[in-house]
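Step one of this worksheet: look at the structure below.
The values are calculated or read from the model by the stated rules, or taken from the named source; none is laboratory data. What you are looking at is a predicted structure, and each value in this text was computed from that prediction instead of being measured. Using ideal geometry, Cβ is built from the backbone for each residue, glycine included, and neighbour counts are taken over all protein chains shown.
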Ligand code: AMP
Ligand code: GLY
C-alpha cells in the first residue's frame, strides 16, 4: 500500500518510522516532511492545507491511505475533501471530519460536547464582543486565578491564566474587541481554574470502537521547573507514573468511553486519534481540552511503545474493525527530550548545521525542524529534533536521552534538563 503522511514535525517522523516497518507499506510519502523523514520516505514539497496539490499526488502515486498529523488541515476539512470527491472517496483518511475537528477547533464546541455527554470538566461560560461587560461581571463572581481561552485555534497560545481580576478584565476586552489572538478570540471561554497535575490520554477510534493508547505527560514551558513562555512541548514521558490502574479505570469510564459514545451519538465522522488533556483534581480526572490528533512530542514517546504494526491498526480504523486489534505494548517507560533553537519560542535562527546525530547510541532521534542544505542537515524550525529512549523507569530512560543529547550540536542548542521533576 502507498501511504502519504501530512505534516513536517517529530510526530510525522515517528509515524513514518512506524509505518515504514510494516511489511505492507510500499511507497511512503511525507508532505512536506523534514530531513529525518527524507531518510525513510519521499518528501514532497506540498503544504499541509494545499488539498488540490495533495489530490494530484494521491492520484499520480496511487496512494491509498492519508495519515494527517497536525490539526489545521483537519479543521479545514481534509477528511471531507476526500470523502466528497469521487476520485478520492475510497482513500482511507486517518483523522476526523471538519465537524468533529471542532472538538479542537472551537473551545466552546468542546465544552458543549463535554457538558452534553456528562464528561467531567471545569465550569465555564463563553462571551463575544457584544457581551464583554457581562464577561467582566462573570469574572467578578470567580476566584483567582482566572482562565481565559480564545475559542479558535491559536497554535497553543490562546490560553491565559491571570492572577489579578483587573488584569483579567482588561485581557478579556483585548481578546474580544482588539482581536488579541486574531479571529480565534472573537469568542472567549472563561473557565473555573482547576488545581492539579496534568496528563494526557491518547485514543485511537474508528468511530465505533476504540483503543486507549498509553498516557503521557508533556513539558510545555521553555524554562526549568515549568517556567517561562509556552512552547509546542519540550519533552514527554510515557507512561505517567501516577496514572495507576484505579485512576486509569476512572479515566476509562468517566472520560474515554463517554467521549467515544458521544461521538457516535452526535453522528460525528471520526476515524483517527483523540488526544485528551486531563487534570487530576482530588483524585478525579477532569478534561481540560480535546485535540483531534496525536500530540507532539507525546507521539515520540507513546508510539515507540506500541509494538503493533501501525499500518495494520490504521487499516482497521478505516474499515471500522478496530475491535479486532489487541494492543501490544512495550512495558518499559519511554521519554523524549526536545532540543530547540536558541531564542525559541521567541525569534530564532534557521539554517544552522546540525552535527552528531550519527553518534547517538541506544536512543532514537526524531527530527522536527530540520532540512537539507548543501548536503548537510540544518535547523529549519524552533523545535529541531527530539531524542527518545527507553528505561525501566523514567529516570533511567532520561539518563540515556541526556547522554545522547550531549552528542548533538547546533548553534544555540537548548533543552530542558529537568523533565520529570514534578513526578
Ligand atoms: P489548553 O490549550 O486548553 O490545553 O490550555 C493550555 C494549558 O492551560 C493547559 O495545559 C493547562 O496547563 C492550562 N489550563 C487550561 N485550562 C485550565 C483550567 N481550567 N484550570 C487550570 N489550568 C488550565
Ligand atoms: N504537546 C502538545 C500538543 O501537541 O498539543
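Tell me, please, whether a residue that is within 16 Å of ligand 1 (Cβ to nearest atom) and either surrounded by fewer than 23 Cβ atoms within 10 Å (Cβ to Cβ) or within 21 Å of the chain's Cα centre (by Cα) (or both) can be found in the stretch 260-272. Even if it seems obvious, please write down each step before you answer.
Restricting attention to the stretch 260-272, the residues satisfying the condition of being within 16 Å of ligand 1 (Cβ to nearest atom) are none.
Looking for residues that are within 16 Å of ligand 1 (Cβ to nearest atom) and either surrounded by fewer than 23 Cβ atoms within 10 Å (Cβ to Cβ) or within 21 Å of the chain's Cα centre (by Cα) (or both), one finds none in the stretch 260-272, hence no.
Would you say residue 319 is more than 19 Å from the chain's Cα centre (by Cα), more than 16 Å from ligand 2 (Cβ to nearest atom) and free of Cβ contacts under 8 Å to residues at least 60 places away in the same chain? I'd like the intermediate steps shown before the answer.
Working: more than 19 Å from the chain's Cα centre (by Cα): yes; more than 16 Å from ligand 2 (Cβ to nearest atom): yes; free of Cβ contacts under 8 Å to residues at least 60 places away in the same chain: no.
Considered against the rule, which asks whether it is more than 19 Å from the chain's Cα centre (by Cα), more than 16 Å from ligand 2 (Cβ to nearest atom) and free of Cβ contacts under 8 Å to residues at least 60 places away in the same chain, residue 319 comes out as no.
Of all residues being closer than 19 Å to residue 122 by Cα and within 16 Å of ligand 2 (Cβ to nearest atom) in the stretch 138-155, which is surrounded by the fewest Cβ atoms within 10 Å (Cβ to Cβ)? Just the residue, please. Show your work before the answer.
Filtering the stretch 138-155 for residues closer than 19 Å to residue 122 by Cα gives 138-152.
Filter once more, keeping what is within 16 Å of ligand 2 (Cβ to nearest atom): 149-150, 152.
Details: 149: 27, 150: 24, 152: 20.
Among them, the one singled out is 152.
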Query raised in the report: List the pairs whose first member sits in the stretch 155-166 and is more than 12 Å from residue 193 (Cβ to Cβ) and within 10 Å of ligand 1 (Cβ to nearest atom), whose second member is in a strand (DSSP E or B) and at pLDDT below 90, and whose Cβ atoms are under 8 Å apart, counting only residues at least 6 apart or on separate chains?
Result: 156/230; 157/230
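Give the stretch 106-117 a look and list any residue that's more than 21 Å from residue 167 (Cβ to Cβ) and either part of a helix (DSSP H, G or I) or within 13 Å of ligand 1 (Cβ to nearest atom) (or both), or say none. Step through it out loud before you land on a result.
Initial filter on the stretch 106-117 (more than 21 Å from residue 167 (Cβ to Cβ)): 106, 108-117.
106, 108, 109, 110, 111, 112, 113, 114, 115, 116, listed by residue number.
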Query raised in the report: Are any of the residues in the stretch 283-306 farther than 30 Å from residue 365 by Cβ and either assigned to a helix (DSSP H, G or I) or out of contact with any strand residue (DSSP E or B) (no Cβ under 9 Å at 6 or more places or on another chain) (or both)?
Result: yes
Query raised in the report: How many residues does the stretch 158-185 hold that are under 27 Å from residue 382 (Cα atoms) and surrounded by fewer than 16 Cβ atoms within 10 Å (Cβ to Cβ)?
Result: 4
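Residue by residue, here is whether (1) crowded, with 19+ Cβ neighbours inside 10 Å; (2) closer than 21 Å to residue 38 by Cα; (3) touching a residue at least 60 places away in the same chain (Cβ under 8 Å) holds:
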{"residue": "334", "(1), (2), (3)": "yes, no, yes"}
{"residue": "359", "(1), (2), (3)": "no, yes, no"}
{"residue": "393", "(1), (2), (3)": "no, no, yes"}
{"residue": "408", "(1), (2), (3)": "yes, yes, yes"}
{"residue": "416", "(1), (2), (3)": "yes, no, yes"}
Requested in this report: With respect to residue 287, determine if the residue is under 27 Å from residue 114 (Cα atoms), buried (at least 17 other Cβ atoms within 10 Å of the Cβ) and either touching a residue at least 60 places away in the same chain (Cβ under 8 Å) or within 14 Å of ligand 2 (Cβ to nearest atom) (or both).
Outcome: yes
Query - Single match in 342, 362, 420 (criterion: outside any strand (DSSP E or B) and farther than 30 Å from residue 242 by Cα) - result: 342
Query - Hits in the stretch 206-239 (condition: out of contact with any helix residue (DSSP H, G or I) (no Cβ under 9 Å at 6 or more places or on another chain), on the phi > 0 side of the Ramachandran plot and either away from ligand 1 (no atom under 16 Å from the Cβ) or part of a loop (DSSP other than H, G, I, E, B) (or both)) - result: 225, 226
